[in-house]
Amino acid sequence: MKKRPNAHLQRQQQKRTRHAARRQEKKRLTAATQSRGQAMVCELFKTITHFFPDLFEQLRQIQDCRSKSDYELSEILMAAIALFIFQQGSRNAFNNLRQEAQFEKHYRRLFKLRLPHLDTVHRVLCRLADEPLERLKHERVKTLLEKKALHKYRLFGQYFVVAIDATGTMSFAERHCEQCLHQTSKKGKTSYFHNVLEAKLITPNGFAISLATEWIANPLSEYDKQDCEVRFVDPKPVLSKGRGMGPESEIGDSLWLENLIPV
């Protein structure tokens, strides 16, 4: 009878030991994750300042579409860029990351910018014109070409590979705006959507760098893939301004090829 309390105490002690070990392992993993996160932010900042030392100044020069705001436009645009730099799957995921004290501390220390809520970023970008952002993108690509940062990824050591294709970005059950494309199914159901035509410089290691973007608009009639996607987004003005630029090879789907080379 006296052995039972001892066995019970042993089980309790073993349970406490396991819980303590789990807590220590959790602390170790958390510390390692924070260390990797801090190192990643620092490396990204080094990369940005090396290739694009004037990026933050260029962001500040873009004209703000708002008359009054809590955040500077440069803070809004950098947050939008950071959403993709940190490979967050959604605005909500980045908002959760934003709430972590350590992340926000390192972000402010490195970029010297505040980090707004991503819903605020979304509302501002919906109002901001496309042209200044396209110019900003073109300047960044030209910088990479001038520094020959992408030359080692050329096809056969000579050609930049540019992929041209259209893709859907969003769809709605009802009309979203006056520029919505629309298509009616055989069952009579009309869907509304937005498509975009993109030219991207692609590399063997997985880079897909946007060179030119054109939104497809065909609001007066049914969406016609043949009519809309044959618009050609020419990347040559961007590529040709890069010093040391070599020739490029363009690739596209069968629709683009059929209209490029009539049969």
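Here are some notes:
- Computed on the stretch 1-128, the Cα convex hull volume stands at 132 Å³ per residue.
- Paramagnetic label reach from Val196 (point 7 Å along Cα→Cβ; backbone nitrogen cut-off under 11 Å): within the stretch 144-170, residues 167-170.
- Restraint check, Lys15/Lys105; Lys112/Lys137; Lys68/Lys137; Lys46/Lys152; Lys68/Lys147, Cα-Cα greater than 30 Å: Lys15/Lys105; Lys68/Lys147
- Projected label distance in nm at Lys137 and Gln158, using a 7 Å step from Cα toward the beta-carbon: 3.0
Read-outs: derived from the displayed coordinates by stated rules, not from any lab. Note that the coordinates shown come from a computational prediction; the quantities given were computed from them, not determined experimentally. Glycine gets a Cβ as well: all are built from the backbone with ideal geometry, and neighbour counts include every protein chain shown.
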